[in-house]
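Down below is the structure, laid out as structure tokens.
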Amino acid sequence: MKPETLLYPAPKGLYCEKGNFYIDPVQPVERALITHGHSDHARAGHGHVLATRETLDIMRLRYGDGFCGASEIARLGETIVIDGVRLCFHPAGHVLGSAQVSIEANGTRIVVSGDYKRRPDPTCLSFEPVPCDVFITEATFGLPVFHHPDDRAEVLRLLQSLGQFPERAHLVGAYALGKAQRVIALLRRQGYHAPIHIHGALAKLCEYYQREGIDLGEIRHATVEGENRPDLAGAIIVGPPSAFSDRWARRFAEPLAAFASGWMLIRQRAKQRGVELPLVISDHCDWAELTQTIRDIAPGEVWVTHGREEALVRWCQLEGIPARPLHLVGYDDEGE
Amino acid sequence: MKAFAELLNRLVLTPQRNAKIRLLVDYFRTTPDPSRGYALAAIAGTLSLTAVKPALIRDLLLERMDEVLFQYSYDYVGDLAETVSLAWEPPADAARADIPLGEIIERLQRTGRTEVRSLVRDTLDRLDSSGRFAFLKLVTGGLRIGVSARLAKQALADMGGKDVGEIERLWHGLAPPYLPLFLWLSGDGEMPVLKTPAVFHSVMLATPVAERELEGLDPADFAAEWKWDGIRVQLANSGGVRRLYSRSGDDISGAFPEILDAADFTGVIDGELLVGGTARSNRATGSFADLQQRLNRKTVSRRLLAEFPAFIRGYDTLFSGEQDIRPEPFLVRREALSALIDSASPQHFDLSPLVSFSSWEELDRLRSSPPEPVIEGVMLKRLDSPYLAGRVKGPWFKWKREPFNIDAVLMYAQRGHGKRSSYYSDFTFGVWTEGEDGTALVPVGKAYFGFTDAELAILDRFVRDNTVERFGPVRAVRAEPDAGFVVEVAFEGINRSTRHRSGVAMRFPRISRLRPDKLPRDADRLETLQAMIAARA
């Protein structure tokens, strides 16, 4: 079977006609496979959702019990057959519960990797390379300039600043699902055991991670109302980046804005956002990891979904690997 | 290099002055010599290195990288040094130990032009990406980190518990890597003694008069002087050595031998360098354009000396004889200056006269219609002000004439760099003139600042929606009598120019206002600009 007949981009997302399902559709569909819980991939309102248990839990936390008509748990490594299409979920290393989906019919196998990374992450299972005919990859950081540094060194820079400016509250911007918990877990691994304060938007997900056995240490709410609310000088406060330009941030002692994101590698990005301490911590692959993954898997063909696809396609061409961009829309390639 | 690179990363993104000072002090305290001294020099702008051309670092990257991938990367990042520092991949067997900044600088200083290429390659291989960025910014001379020399000196003062005035007084007698200075600041040595006579001393600068600022000040506390449109200089004759410095401390003695010859007094004076006749001769003072004939020359011909004789119009005295009188009040220093100039050559020295006034309104009228075209406003100096190094707010103000204004039509736009890398922010504008084919626009200048971010967004949108042609990175935009964009351009001065097609050259043009209310046909004509030159001559 030709791969482009097995799976192809349709207006609502990547579509498998033979199995009549979509992967990470951007509009409500009858049957959806969801790779992970980030809101641009996992949307509410589908008829039937197949995803890992953690991803289903995260969707329920975010959207409520009625987030879909019916849900079904996909166990990692177990094959499910839908109308002659064999499906299997494999860990993607992106955030808790994230998975790649392999789709196989008539001897052709396509792996949809969703968002993924190769670095060890204390909050989720590591990416597993799956041999395939077509590897579908994202290219969020698909330019040769992206080389993410060691995440431990980045966290040490935060701790160094805390020593240098003990009178200032250190506000760390981090996306609510995955990044926030990873930053907290990394701080704990570097021996930082003081309470870490969080914005209300992170509370449910942090509690969920802790219930899943991921040690985040002592977590406190940063938003305390009333007379004696603390100014949190010298403390670490983690919250969604959008909250920091808000009045919310002004309650703290001389706030110092940090931001944990792969984009922080580019100086002007940090400057434009008013970030004083950029922490280059990414839940995506950098250039070296994207290209190494393609080498590891050695697929017959590479399809590139979202991000800087032209550069990754160019690299594949130089390496003699057939590649093409899918031009999918609706995925937030800047949100990290 | 790691520590210096991290310092730069933090300084660029730290807005608060005090936080910047703390970052600097911590760096100076924890970094050994000579690295900290070279870092200081790099920040204060006193480090001189053989410049590496941007084309060289681009070539070095292309030795290892596909050109198409490079172009995608550069377009995305918008800064060459940053692109190269990020995309550079050292070979797997490259040594990874950090190299101290001092070692890098000393290696660069020892290296001849022909070996620069391999030295840069080798250094890039050994540094991490932040280190590569700092290194490339250093060698290409593009270190812009939002720290003035003054702020660096304040950090030095804080580090050693000294007064910043002491640092300023020593500053120009010291050189990188500033070993005696750091020895003194760390408490391990005496204050350095300056051995070279006639060194440059930081000049005192004025701050512009802000709106309504004068209301709170008493005219009786101030002296007023004309602000002459020449170049600010410092003339020193000390210990038998004569030197003429520009206000930034560059030695320009070679270009003005007649001034040096005439400086037969001992002392250090501050004044304006002008050409033509002094007030004490009966020749007219020349314009800034005349003065330009004498600038940026290492030597000077006999013809130029005769045609454009230079002189100094004295403002102030720093040293009377060998005595430092900077702590004395303005009027006392002026007495000393007046006595010195009285006995000096009348062709080469005169005294900048005080302008008498009794109210700010009166001074405002005088400022707006000065007696000579070579005046660009007035200076206000507190009668009791000591001579302080640098730009200190309070004792001295400058109150300029209103800049010139014209309405011009946008003609071309180019993308900016750095903060504005994604915007069309460099604009060429023109005015109407009669050409061979009837009335047409002729470009008269370029401006890339003056507008707010919100105005930039409007300009950028106009460029994108109205591009009629592209020449590489340059876009030509629609500019017809009834369709196009009019901007108000403000500038500080205007001269004839043989290099520009329009025959005029503006000084410091900037886009001061957008005029969406005007049509291009309402914009100014070249004759208006020519009349401005005529009025000044």
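How many of the residues making up region A:131-186 are of a type in the set (A, V, I, L, M, F, W, C) and over 30 Å from A:Pro322 (Cβ atoms)?
Taking region A:131-186 as the starting set, the residues that turn out to be of a type in the set (A, V, I, L, M, F, W, C) are A:132, A:134-136, A:139, A:141, A:143, A:145-146, A:153, A:155-156, A:158-159, A:162, A:165, A:169, A:171-172, A:174, A:176-177, A:180, A:183-186.
Filter again for over 30 Å from A:Pro322 (Cβ atoms), leaving A:153, A:155-156, A:158-159, A:162, A:165, A:169, A:171-172, A:174, A:176-177, A:180, A:183-186.
Of the residues in that region, 18 qualify.
Looking at B:Ala523, B:Ala505, which one is closer than 22 Å to B:Ile458 by Cα and surrounded by 16 or more Cβ atoms within 10 Å (Cβ to Cβ)?
Numbers: B:Ala505 fails: closer than 22 Å to B:Ile458 by Cα.
None of the other options fit; the residue is B:Ala523.
Of all residues in region A:126-144 being of a type in the set (S, T, N, Q) and away from every other protein chain (no Cβ under 14 Å), which is nearest to A:Cys316 (Cα to Cα)?
Here is the first cut: in region A:126-144, the ones of a type in the set (S, T, N, Q) are A:126, A:137, A:140.
Now drop any that are not away from every other protein chain (no Cβ under 14 Å), which leaves A:126, A:137.
Numbers: A:Ser126: 24, A:Thr137: 12 Å.
By that ranking, first place goes to A:Thr137.
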Candidates B:Ser369, B:Ser359 - the one that is among the polar types (S, T, N, Q) and at pLDDT 90 or above: B:Ser359
Selection count, region A:283-320, where residues are within 12 Å of A:Phe141 (Cβ to Cβ), at pLDDT below 95 and more than 14 Å from every other protein chain (Cβ to nearest Cβ): 1
Test: residue in region B:56-74 that is in the same structural domain as B:Ala134 (by TED's automatic domain parsing), in a loop (DSSP other than H, G, I, E, B), closer than 27 Å to B:Gly249 by Cα and modelled with pLDDT of 95 or more: no
Residue identified as surrounded by fewer than 14 Cβ atoms within 10 Å (Cβ to Cβ), touching a strand residue (DSSP E or B) at 6+ places or on another chain (Cβ under 9 Å) and either assigned to a strand (DSSP E or B) or at pLDDT 85 or above (or both) among B:Val487, B:Val468: B:Val468
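One line per residue, one yes/no per condition, for (1) under 30 Å from B:Asp324 (Cβ atoms); (2) under 24 Å from the mean Cα position of the chain (by Cα); (3) not hydrophobic (A, V, I, L, M, F, W, C):
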{"position": "B:Leu108", "(1), (2), (3)": "no, no, no"}
{"position": "B:Lys153", "(1), (2), (3)": "yes, yes, yes"}
{"position": "B:Lys162", "(1), (2), (3)": "yes, no, yes"}
{"position": "B:Leu174", "(1), (2), (3)": "yes, yes, no"}
{"position": "B:Leu181", "(1), (2), (3)": "yes, no, no"}
{"position": "B:His201", "(1), (2), (3)": "yes, yes, yes"}
{"position": "B:Val209", "(1), (2), (3)": "yes, yes, no"}
Those residues of region B:60-78 which are more than 9 Å from every other protein chain (Cβ to nearest Cβ) and either surrounded by fewer than 18 Cβ atoms within 10 Å (Cβ to Cβ) or touching a strand residue (DSSP E or B) at 6+ places or on another chain (Cβ under 6 Å) (or both), in sequence order: B:Leu62, B:Glu63, B:Arg64, B:Glu67, B:Gln71, B:Asp75
Top-ranked residue in region B:219-252 [being under 19 Å from B:Met379 (Cα atoms) and acidic (Asp, Glu); ranked as surrounded by the fewest Cβ atoms within 10 Å (Cβ to Cβ)]: B:Asp221
Qualifying position, being crowded, with 21+ Cβ neighbours inside 10 Å, within 26 Å of B:Phe404 (Cα to Cα) and either free of Cβ contacts under 8 Å to residues at least 12 places away in the same chain or of a type outside the set (Asp, Glu) (or both), among B:Gly450, B:Gly445: B:Gly445
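Residue-by-condition table, conditions (1) crowded, with 20+ Cβ neighbours inside 10 Å; (2) outside any helix (DSSP H, G or I):
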residue	(1), (2)
B:Glu106	no, no
B:Gln109	no, no
B:Val116	no, no
B:Leu124	yes, no
B:Arg144	no, yes
A:Ala194 vs. criteria in contact (Cβ under 8 Å) with a residue 60 or more places away in the chain, of a type in the set (A, V, I, L, M, F, W, C) and in contact with a strand residue (DSSP E or B) (Cβ under 9 Å, 6 or more places away or on another chain): no
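From the list B:Ala81, B:Ala42, which one is in contact (Cβ under 8 Å) with a residue 12 or more places away in the chain, among the small types (Gly, Ala, Ser), assigned to a helix (DSSP H, G or I) and more than 12 Å from chain A (Cβ to nearest Cβ)? Before you say what the answer is, go through the steps one by one.
Numbers: B:Ala81 fails: more than 12 Å from chain A (Cβ to nearest Cβ).
From the options B:Ala81, B:Ala42, the qualifying one is B:Ala42.
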Elements of type strands (runs of 3 or more DSSP E) in region A:222-302, at least 2 residues being under 30 Å from A:Glu4 (Cβ atoms) and in contact with a Leu (Cβ under 8 Å, 6 or more places away or on another chain): none
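The values are calculated or read from the model by the stated rules, or taken from the named source; none is laboratory data. Here the structure is a predicted model, which is why all the values come from computation and not from measurement. So basically every Cβ, Gly included, is an ideal-geometry build from the backbone, and we count neighbours across all protein chains shown.
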